[in-house]
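Only one structure is covered here, and it is reproduced in the block below.
The values are calculated or read from the model by the stated rules, or taken from the named source; none is laboratory data. Predicted model, so just to flag it, every value in this text is computed and none were measured. Glycine gets a Cβ as well: all are built from the backbone with ideal geometry, and neighbour counts include every protein chain shown.
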Amino acid sequence: MKDFIEGSEAVARAVCLCKPGVISAYPITPQTHIVEGLAQMVADGRLKCQFVNVESEHSAASVVLGAVAAGERVFTASSSQGLILMSEVIFNIAGMRMPVVLACVNRSLSAPINIWNDLQDSMALRDSGWVQLYAENNQEALDLTIQAYRLAEDSRALVPVMVCLDGYVLSHGLEVVDIPEEDKVAQFLPPFNPAEKLDTANPKSFGLLAGPDYYLEIRHDLHQAVKDTLKLIPEITADFKRIFGRDSGGLVESYRLEDAEMAIVSAGSVCGTIKDTVDNLRAEGKKVGLLRIITYRPFPEELILQALAKVPMVAILDKAISLGATGPIYADLKAAFQGKPGKKISGYIAGLGGRDITPDTIKEIFQQLAGPEVSNQFIGLKSSF
Amino acid sequence: MRIKLTAEPGSARNNKTGSWRVERRPQFLQKNCSACRMCILVCPEGIVSGKEKNSFKTDYLYCKGCGLCAAVCPKKDIEMVPEETESKK
């Protein structure tokens with residue numbers, strides 16, 4: 001069934017179709033519409049689920065951690081300051097190998113306080129042991145949410161998954177979204193049946209201390225598990241296509257990269273703007289393309305190396321920055337290409353705090369890419385106010 | 001997962017924390033005890049036992065020597081004594 005809905009509702013409907021047993025979240029702009037929608041579904045009896053109201057995001061994350069440990073499928077969502085407040089629990093969820101699915105509606109970080117979109121919040125948690133998926137549009141936000149449960153709960157993975165969608169651009173923007181039928185989702189997503197769970201009849205301890213004799217190995221295990229999802233994700237997207245009939249999600253998307261002399265690498269909704277600009281520049285005879293990162297953690301290094309192997313000039317458009325260093329995607333990409341000379345790789349920062357990224361911004365990046373190699377060039381910086 | 005991240009309950013019994021004690025251990029004198037049970041209540045290890053007056057004792061296999069029982073005893077019937085002191089019992 002097709003419907004004209006905002007990204008928040010697309011995520012809420014996807015979660016409803018996956019039938020979680022426990023949802024807990026705290027309202028924060030611009031994520032609020034997701035849990036508002038889910039709360040309504042629970043209140044109306046359309047979703048049989050325990051909706052736990054809490055006093056903070058730290059508690060919301062703790063509630064879903066406890067519930068998933070007890071064997072329930074769970075969901076939570078947040079943005080910006082809320083996600084950062086959750087961060088202590090976020091690391092614990094991954095460390096305990098709990099298959100939580102979280103929707104991050106991307107928003108900038110304070111200070112100064114700013115409620116608009118960039119990717120600084122989820123990027124700050126890229127080292128937490130979560131799989132991070134970035135949606136380009138509302139349809140993908142819905143599809144990735146359903147795929148996230150399948151991936152997280154796979155006994156070969158058992159890692160949490162963060163589905164990231166850009167605040168306002170997707171969360172509050174309306175698009176036509178194809179909403180799958182309930183029986184197809186049931187066919188794609190088996191019931192959640194963890195091998196071990198909290199059970200008063202068969203007590204177990206979770207979240208234990210590990211001293212220097214064990215910690216290194218346990219972290220290596222988690223690192224390996226997150227990396228191994230690089231093999232599971234294509235398998236899951238293929239199965240998704242078989243059941244729902246559409247290609248959605250995956251690791252990376254190459255857009256008009258064949259014979260490209262210049263390419264932009266980025267993630268999220270800005271890739272829609274880049275695609276339009278690439279089309280227009282191609283019509284003018286310029287050989288440009290886009291590499292869209294869908295799965296940012298684990299980092300699909302091999303696929304990126306392959307996709308960009310023949311592109312001599314690569315620009316990375318980061319909507320986040322590791323302050324005092326470079327954009328996060330730039331740093332990863334530069335590391336991936338180390339020891340492979342003959343390529344210009346430049347890093348650009350744009351769109352922080354909701355500054356619009358327009359086709360002109362993208363054209364400017366392509367123009368600058370022809371110039372000297374840079375690592376963290378801000379685009380659209382005003383010199384005076 | 002290569003490494004199991006959960007454990008069976010009751011594992012605290014396997015860790016004989018008595019070796020953590022330094023210098024002093026509680027001595028239950030069993031003379032003026034009123035069986036108020038405060039020593040049972042405050043023991044962080046839950047290893048003080050006893051029912052009747054002058055019957056209370058601790059388990060030195062687990063006692064870390066924190067001294068809370070001696071501090072709380074209203075009859076001053078528990079004393080912290082040097083480890084070398086010979087047990088009267």
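Taken as a whole, the stretch A:184-192 holds at least one residue that is more than 21 Å from residue A:67 (Cβ to Cβ), in a helix (DSSP H, G or I), among the aromatic types (Phe, Trp, Tyr) and within 21 Å of the chain's Cα centre (by Cα).
In the set A:193, A:117, only one residue is crowded, with 24+ Cβ neighbours inside 10 Å and more than 17 Å from residue A:9 (Cβ to Cβ); that residue is A:117. One residue is enough: does the stretch B:5-23 have a residue meeting the conditions assigned to a strand (DSSP E or B), farther than 30 Å from residue A:96 by Cα and in contact with a Phe, Trp or Tyr (Cβ under 9 Å, 6 or more places away or on another chain)? Within the stretch B:5-23, not a single residue is assigned to a strand (DSSP E or B), farther than 30 Å from residue A:96 by Cα and in contact with a Phe, Trp or Tyr (Cβ under 9 Å, 6 or more places away or on another chain). Annotation: of all residues in the stretch B:1-19 being within 9 Å of chain A (Cβ to nearest Cβ) and modelled with pLDDT of 90 or more, the one that is farthest from the chain's Cα centre (by Cα) is B:5.
Being outside any loop (DSSP other than H, G, I, E, B), small (Gly, Ala, Ser) and more than 12 Å from the chain's Cα centre (by Cα), is that true of even one residue in the stretch B:27-50? So far as the stretch B:27-50 goes, no, none of its residues is outside any loop (DSSP other than H, G, I, E, B), small (Gly, Ala, Ser) and more than 12 Å from the chain's Cα centre (by Cα). The combined condition, being of a type in the set (S, T, N, Q) and at pLDDT 95 or above, is fulfilled by residue B:34. Please state which of the following conditions residue A:162 fails to meet, knowing it meets all the rest: (1) assigned to a loop (DSSP other than H, G, I, E, B); (2) closer than 27 Å to residue A:319 by Cα. With respect to (1) assigned to a loop (DSSP other than H, G, I, E, B); (2) closer than 27 Å to residue A:319 by Cα, residue A:162 is out only on (1).
In the set B:22, B:48, B:72, which member is more than 14 Å from chain A (Cβ to nearest Cβ), touching a Ser or Thr at 6+ places or on another chain (Cβ under 7 Å) and not charged (D, E, K, R)? Within the list B:22, B:48, B:72, the selection yields B:48. Residues in the stretch A:113-158 that are under 21 Å from residue A:317 (Cα atoms), among the hydroxyl-bearing types (Ser, Thr, Tyr) and part of a loop (DSSP other than H, G, I, E, B): none. Any residue that is small (Gly, Ala, Ser) and surrounded by fewer than 24 Cβ atoms within 10 Å (Cβ to Cβ) - is there at least one of those in the stretch A:99-109? Taking every residue of the stretch A:99-109 in turn, none turns out to be small (Gly, Ala, Ser) and surrounded by fewer than 24 Cβ atoms within 10 Å (Cβ to Cβ).
Confirm whether residue A:366 is within 26 Å of the chain's Cα centre (by Cα) and either free of Cβ contacts under 8 Å to residues at least 40 places away in the same chain or outside any loop (DSSP other than H, G, I, E, B) (or both). The answer is yes for residue A:366.
Screening the candidates B:3, B:78 for the property of being of a type in the set (Val, Ile, Thr) and closer than 29 Å to residue A:208 by Cα yields one hit, B:3. Considering the stretch B:16-60, and only residues there that are touching a residue at least 40 places away in the same chain (Cβ under 8 Å) and exposed (fewer than 11 other Cβ atoms within 10 Å of the Cβ), the residue that is farthest from residue A:204 (Cα to Cα) turns out to be B:31. For the stretch A:34-62, a residue qualifies if it is in contact with a strand residue (DSSP E or B) (Cβ under 7 Å, 6 or more places away or on another chain) and farther than 22 Å from residue A:126 by Cα, and the qualifying residues are A:34, A:35, A:38, A:39, A:42, A:49, A:50, A:51, A:52, A:54.
Taken over the stretch A:114-155, the criterion of being more than 19 Å from residue A:28 (Cβ to Cβ) and acidic (Asp, Glu) is satisfied by A:127, A:136, A:140, A:143, A:153, A:154. Counting only residues that are surrounded by fewer than 24 Cβ atoms within 10 Å (Cβ to Cβ), in contact with a Leu (Cβ under 8 Å, 6 or more places away or on another chain) and assigned to a helix (DSSP H, G or I), the stretch A:44-90 holds 7 of them. Taken over the stretch A:323-345, the residue count meeting the criterion of being within 21 Å of the chain's Cα centre (by Cα), touching a residue at least 24 places away in the same chain (Cβ under 8 Å) and within 24 Å of residue A:356 (Cα to Cα) is 5.
In the set A:232, A:198, A:216, A:222, only one residue is part of a helix (DSSP H, G or I), closer than 30 Å to residue A:70 by Cβ, within 14 Å of another protein chain (Cβ to nearest Cβ) and touching a helix residue (DSSP H, G or I) at 6+ places or on another chain (Cβ under 9 Å); that residue is A:222. Exactly one residue out of A:133, A:170 is more than 19 Å from residue A:234 (Cβ to Cβ) and either over 12 Å from the mean Cα position of the chain (by Cα) or touching a residue at least 60 places away in the same chain (Cβ under 8 Å) (or both), and it is A:170. With (1) without any contact (Cβ under 8 Å) to a residue 40 or more places away in the chain; (2) surrounded by fewer than 10 Cβ atoms within 10 Å (Cβ to Cβ) as the list, and residue A:204 as the residue in question, which single condition is left unmet? Going through (1) without any contact (Cβ under 8 Å) to a residue 40 or more places away in the chain; (2) surrounded by fewer than 10 Cβ atoms within 10 Å (Cβ to Cβ) one by one, residue A:204 breaks only (2). Looking for something without any contact (Cβ under 8 Å) to a residue 12 or more places away in the chain, surrounded by fewer than 24 Cβ atoms within 10 Å (Cβ to Cβ) and outside any helix (DSSP H, G or I) - is there at least one such residue anywhere in the stretch A:20-27? Yes. The sole residue among A:265, A:278, A:311 that is in a loop (DSSP other than H, G, I, E, B), of a type in the set (Val, Ile, Thr) and touching a strand residue (DSSP E or B) at 6+ places or on another chain (Cβ under 7 Å) is A:311.
Of the numbered criteria (1) crowded, with 20+ Cβ neighbours inside 10 Å; (2) within 14 Å of another protein chain (Cβ to nearest Cβ), the one residue A:154 fails is (1).
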